[in-house]
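The values are calculated or read from the model by the stated rules, or taken from the named source; none is laboratory data. In this text the structure is predicted, and so the values were computed from the model without any measurement. No Cβ is skipped: glycine too gets one built from the backbone with ideal geometry, and neighbour counts run over all protein chains shown. SASA here: full protein model, heavy atoms, side chains in, ligands and nucleic acids out. Shrake-Rupley method; radii C 1.70, N 1.55, O 1.52, S 1.80 Å.
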Amino acid sequence: MAVAGFAPAALGAQATHAGSVNYLRSVQFDFEVPERMAALRDRLAAQNTASMVLRFNRARSIMIPDPAAEAATPRGGARDPDRMDRRALGMAMRLRMGSASRSDQEDVVQAYMDFGSGAMTETRDFMGRTFLISGDQPAYAWKLGTDQREFLGYMVQQATAVHDGSEIEAWFTPQIPVQAGPGQYGGLPGLILVLSVDGGKLLYSATEVNPEDPGDIAIAPPTDGEMVTRGEYEALVAEKLEEIRATRGAGNRRRPFDGGLR
């Protein structure tokens with residue numbers, strides 16, 4: 001995993017128990033785009049990058065889309081899209097609709113955690129529907145490493161875990177001793193500033209830490225979406241992805257795509 005900003009460990013900011021963190025989240029598409037469509041591939045990749053904000057205190061946290069980024073760049077872009085933008089957007093939608101990969105069909109919009117009870121509430125978009133999911137935070141079998149570095153002025157330590165077949169690498173800072181992290185990830189003795197899943201297929205990288213920032217967003221569970229339990233949601237996801245595989249064929253995952261161009 002290559003993340004800019006790492007440096008040898010050194011003394012950094014003082015310990016804090018509340019504040020906010022801005023993250024840049026990137027998700028790799030789970031399909032192949034031919035080399036001859038490199039420019040289009042880069043546009044599609046940019047569409048899978050988002051700015052997120054995590055607000056936290058000693059007891060709970062919530063991750064939401066960055067309100068400042070959404071205001072500056074509304075959905076679809078601040079300007080009328082040029083021909084390539086429209087083409088990329090349309091192709092991304094078609095590729096997502098035909099992909100049997102969960103990462104191509106799903107987006108985590110909000111994630112709330114209660115550290116004391118272990119309860120987690122998420123808002124997820126899946127195949128055009130928004131779900132409000134309740135349940136417990138996953139229990140990650142973290143293994144703490146000995147490697148320590150500096151990131152954004154904080155000393156960070158490596159931790160790794162394997163969960164549901166995915167390899168997870170996190171860099172957390174004991175200088176912010178809360179069990180928070182981006183998305184559904186947490187449970188370490190410090191705030192997670194960088195997190196990578198399966199070698200960067202999903203990557204959260206903090207861009208700014210604001211200690212003691214009260215913010216104007218309440219740290220409370222989200223309320224939007226069709227309410228389901230974790231089990232109900234997972235069953236629905238499995239059913240819909242199987243329907244796509246049956247329609248497109250079992251080889252749809254990572255099938256080369258030529259965009260229909262001749």
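Looking only at segment 120-138, residues that are among the polar types (S, T, N, Q) and open to solvent by less than 10 Å² (accessible area, probe 1.4 Å) come to 1 in all.
Remark: Leu188 matches the filter, which requires a residue to be modelled with pLDDT of 95 or more and in a loop (DSSP other than H, G, I, E, B).
For segment 229-248, the condition of being farther than 30 Å from Thr173 by Cα, modelled with pLDDT under 90 and not in a helix (DSSP H, G or I) holds for none of the residues. Residue count for segment 109-144 satisfying the condition of being among the small types (Gly, Ala, Ser), more than 18 Å from Pro177 (Cβ to Cβ) and in contact with a strand residue (DSSP E or B) (Cβ under 8 Å, 6 or more places away or on another chain): 5. Picking from residues in segment 144-169 that are surrounded by 15 or more Cβ atoms within 10 Å (Cβ to Cβ) and among the charged types (D, E, K, R), the one that is nearest to Leu188 (Cα to Cα) is Glu169.
Which condition from (1) within 18 Å of Pro222 (Cβ to Cβ); (2) at pLDDT below 90; (3) open to solvent by 50 Å² or more (accessible area, probe 1.4 Å) is the one that Arg79 breaks? Single failed check for Arg79: (1). The lone criterion from (1) surrounded by fewer than 21 Cβ atoms within 10 Å (Cβ to Cβ); (2) closer than 19 Å to Ala50 by Cβ; (3) small (Gly, Ala, Ser); (4) modelled with pLDDT of 95 or more left unmet by Ala141 is number (2). Considering segment 123-164, the qualifying strands (runs of 3 or more DSSP E), each wholly inside and each with 1 or more residues that are farther than 29 Å from Arg102 by Cβ and out of contact with any Lys or Arg (no Cβ under 6 Å at 6 or more places or on another chain), run over 143-151, 154-163. Test Val197 against the stated conditions and say whether it is touching a helix residue (DSSP H, G or I) at 6+ places or on another chain (Cβ under 7 Å) and under 21 Å from Gly135 (Cβ atoms). Judged against the criteria, Val197 is not a match.
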